[in-house]
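One structure is given below, encoded as structure tokens.
The values are calculated or read from the model by the stated rules, or taken from the named source; none is laboratory data. Owing to the predicted nature of the structure, the values given are computational and were not obtained by experimental measurement. Virtual Cβ from ideal backbone geometry, glycine too; neighbours counted across all protein chains shown. Areas reflect the complete protein model, heavy atoms only, side chains present, ligands, DNA and RNA absent. Shrake-Rupley method; radii C 1.70, N 1.55, O 1.52, S 1.80 Å.
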Amino acid sequence: MIEAYGKGGLVPYLVENYSAQFLNDLLEQTVELRRDPKEREEEIQREEAQKWLEENKGQQLLFRGDNGEEEMINVDDFSWVE
């Protein structure tokens, strides 16, 4: 905005007429909309996977192989700290 309207133009008007919270939210929304859609999708998938792990912590999954052999795997084995 400063580049488009100069230091004395739009910025003082915005500060006088809108709350700091509104301007901050507007800026964050603009940044979010300019993000790479693929990056945003990957972040959503990571968050959903983490949520699933948290919700299923302590559970066990039953895996059955082609030969009919069964194996129990603890969901906690999929959790890690970076």
Just by accessible area at a 1.4 angstrom probe, what is the order of I73, I44 from largest to smallest?
I44, I73
GNM result for the chain, Cα springs below 10 Å: residue of E28, E71, E41 fluctuating most strongly:
E71
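Rounded to the nearest 500, what is the chain's calculated 222 nm mean residue ellipticity when only DSSP H runs of at least 4 contribute -39500 (n - 2.57) each, over all residues?
-17000 deg cm²/dmol
Give the accessible surface of the chain per residue, rounded to a whole number of Å², with probe radius 1.4 Å and ligands, DNA and RNA excluded.
93
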Hey, any idea what % of the chain's accessible area is carbon plus sulfur with a 1.4 Å probe?
52
Nearest 10 degrees, 0 to 90: what angle lies between the long axis of helix 20-34 and the longest principal axis of the chain (Cα atoms)?
60
Helix 37-55 vs. the chain, principal-axis angle (Cα, 0 to 90°, nearest 10)
50
With label points built 7 Å along Cα→Cβ from the Cα atoms of K38 and L14, find their separation and express it in nm.
3.1
Which FRET efficiency value, to the nearest 0.05, is calculated for L26 and R46 with the Förster distance at 22 angstrom and r the Cβ-Cβ distance?
0.25
